[in-house]
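For reference, the structure is listed below as structure tokens.
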Amino acid sequence: MTILTGLDWLVIGIYFLMLGAVVWWSSRKQDSSADYFLAGRNIGWFAIGGSLFASNIGSEHIVGLAGSGASTGMAMAHWEMHAWCMLLLGWVFVPFYYRSNVFTMPEFLEKRFDARARWILSVVSLVAYVFTKVSVTVYAGALVFQTLLPEMKLTLFGQVWGPFWIGAFATVVLTGIYTIFGGLRAVLYTDTAQALILLAGSFFITYYGLERLGGWGELQAVCKERASDLALWRPMVQAGSTLPWWKNGDFPWLGIMIASPIIGIWYWCTDQYIVQRTLAARNLTQARRGALFGAFLKLWPVLIFLIPGMIGLALHQKGLLVIPPKVVNGVTATGTIDGDQVFATLVMNLLPTGLRGLVVAGLLAALMSSLSSLFNSCASLFTIDIYEKLRPNQSEKHLVTVGRVVTALIVLLGMAWIPVMYKVAGGGLYQYLQSVQGYLAPPITAVFLLGLFWKRVNAQGALWGLVTGFVLGMIKLTIQANYGTLDATKAAGPAWLAAIGDFNFLYASGVLFVISIAVVIGVSLLGKAQDEASIAGLTYSSIDKKAVRASIHPLDIAATAIILAALLGMYLYFSFWLR
């Protein structure tokens, strides 16, 4: 396998020097909680949009999407064509968040409902971040190191550490350091630079991959041979399958249409990890425009992350590239490929020296940008939503110090979880992440949508909707991990548990959403309506629409139309490209 040359390392070194300079500049003014957690609320649209994109496209996306492209074709593209969700964030959700002057999404729920809703969302978000996003991101980044630097070894504490562990711990520690000192301002500005590196590096992967393969037409020809496995839209029951529709696990079109919007609205419009960037804007116009710029950038992942995975599969099938086989429980599965190693294999075998270093820097950028965003969001959630509630009236400097300490603790927890993640993530990272999110998203999406658009929804309804949805989601996840007839490693009885375990996670997400809505509405109608004065400006009927309209520029409307047209064009093209 090709190794990194001196020029590659020079490019990587220059990247880290630039990163250090940005962090040093950002860390000079961190006197207040607004400075540390929201960058002084003085950020422009370009940095916001770049940070939205870079925070979303972490190493688990690059590694996982390429792997999904090689394994399941365009199935995961539905989650990557969520530019419309970012438009929804900018036009619908941001005006409520920004004008309510909140730091976090749980804080917004407290203003709209009560402190109980805030506590529930804070705790659930923190646990979910540490045990899903942090661990999956670190695991994916470590896999990249394992493929790029297979000979790297370090002896420490009498133990020989390989490239997986060196890469995992080094990136977590480095990212933690610059997040601790630089705050959200460092996160935003480094994310903007990293977004550009990600786009440029991944574009070259696609370009050189198609050149080696023989062009776009050759990719289509190879993929058409497996059109039923690689198509964007899949039937509810695969041809020749004897499984009932609700057991079919190959991304049925109805399940996609149900679950993808639920997960998309939760992630892009209500999750602290994403929304925090828009709250740092200097005004509502800049916040909305940042979301629009992020939506434009979000049009590209299918072309530059997922398509390379399909290119890798095509090259492998034609004998032009060798992708390592999948290893299950220490046993090599013959006739398979390890999807999570596709992207790194393409980097090392297709790119010329120097450019290879740029793309490796891009992979590091993806890992670090996602981790830095996670660390800062976790610090914000704990400090603002938990610590300040338990110990009110603390000084601004004290809150910044607490935020830094919490960031350090999150770094340590993420590192401690790596060995566990190493055992449980047997490939298919992106699908694993979407499955878990499919059970977390429904109650949050239901409560935010109903809370914004129906003033009759009260605090009691929101509380019971969140609790019911979360409990049922975790029950389904636990049963799914232990019972089912589709996996020989799971218990096939009792039959009713196996049936729940086999129920497709896409349909299950929709069922949880409907149950959450029913609980929120039912409990709300049984109780009293909230005092309208207490929720003024927090619902669609009471927000200052004149002020919102004054923040809209005609260019924003034109940009929205262009993004929607491009998105529709992509959906139409990829719906028919293998026919």
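The values are calculated or read from the model by the stated rules, or taken from the named source; none is laboratory data. These numbers were taken from a predicted model, which means no experiment stands behind them. With ideal geometry, Cβ positions are generated from the backbone for all residues, glycine too; neighbour counts draw on all protein chains shown.
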Conditions: (1) β-branched (Val, Ile, Thr); (2) touching a Pro at 6+ places or on another chain (Cβ under 6 Å); (3) loosely packed, with under 15 Cβ neighbours inside 10 Å. Residue 262 meets all but one. Number of the miss? (3)
Condition check: of a type in the set (Ser, Thr, Tyr), at pLDDT below 80 and within 30 Å of residue 451 (Cβ to Cβ). Does residue 132 satisfy that? yes
Hey, could you check the stretch 222-236 for residues that are in a helix (DSSP H, G or I) and more than 14 Å from residue 312 (Cα to Cα) and say which is farthest from the chain's Cα centre (by Cα)? 224
Residue pairs meeting the criteria (Cβ under 8 Å; at least 6 apart or on separate chains; first under 13 Å from residue 484 (Cβ atoms), in the stretch 235-256; second outside any loop (DSSP other than H, G, I, E, B)): 246/502; 246/507; 247/502
So residue 565 fits all but one of (1) in a helix (DSSP H, G or I); (2) of a type in the set (Gly, Ala, Ser); (3) touching a residue at least 12 places away in the same chain (Cβ under 8 Å); what number is the exception? (3)
Filtered residue count, the stretch 51-81, keeping only those that are outside any helix (DSSP H, G or I), under 10 Å from the mean Cα position of the chain (by Cα) and not small (Gly, Ala, Ser): 1
In the list 259, 239, which residue meets the criterion of being in a loop (DSSP other than H, G, I, E, B), within 18 Å of residue 504 (Cα to Cα) and of a type outside the set (S, T, N, Q)? 239
Looking only at residues in the stretch 318-360 that are within 16 Å of residue 7 (Cα to Cα), among the β-branched types (Val, Ile, Thr) and buried (at least 22 other Cβ atoms within 10 Å of the Cβ), which one is modelled with the highest pLDDT? 347
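Per-residue answers, yes or no, for (1) over 30 Å from residue 74 (Cα atoms); (2) β-branched (Val, Ile, Thr); (3) modelled with pLDDT under 95:
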position: 488; (1), (2), (3): no, no, yes
position: 504; (1), (2), (3): no, no, yes
position: 510; (1), (2), (3): no, no, no
position: 519; (1), (2), (3): yes, yes, no
position: 527; (1), (2), (3): yes, no, yes
position: 532; (1), (2), (3): yes, no, yes
position: 548; (1), (2), (3): yes, yes, yes
Can you give me the number of residues within the stretch 488-510 that are of a type outside the set (S, T, N, Q) and over 27 Å from the mean Cα position of the chain (by Cα)? 11
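Given the criteria in contact (Cβ under 8 Å) with a residue 12 or more places away in the chain and not in a helix (DSSP H, G or I), does residue 386 qualify?
Details: in contact (Cβ under 8 Å) with a residue 12 or more places away in the chain: yes; not in a helix (DSSP H, G or I): no.
Answer is no for this residue.
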Leading residue by the ranking (modelled with the highest pLDDT) among those in the stretch 31-71 that are surrounded by fewer than 23 Cβ atoms within 10 Å (Cβ to Cβ) and either farther than 21 Å from residue 197 by Cβ or aliphatic (A, V, I, L, M) (or both): 42
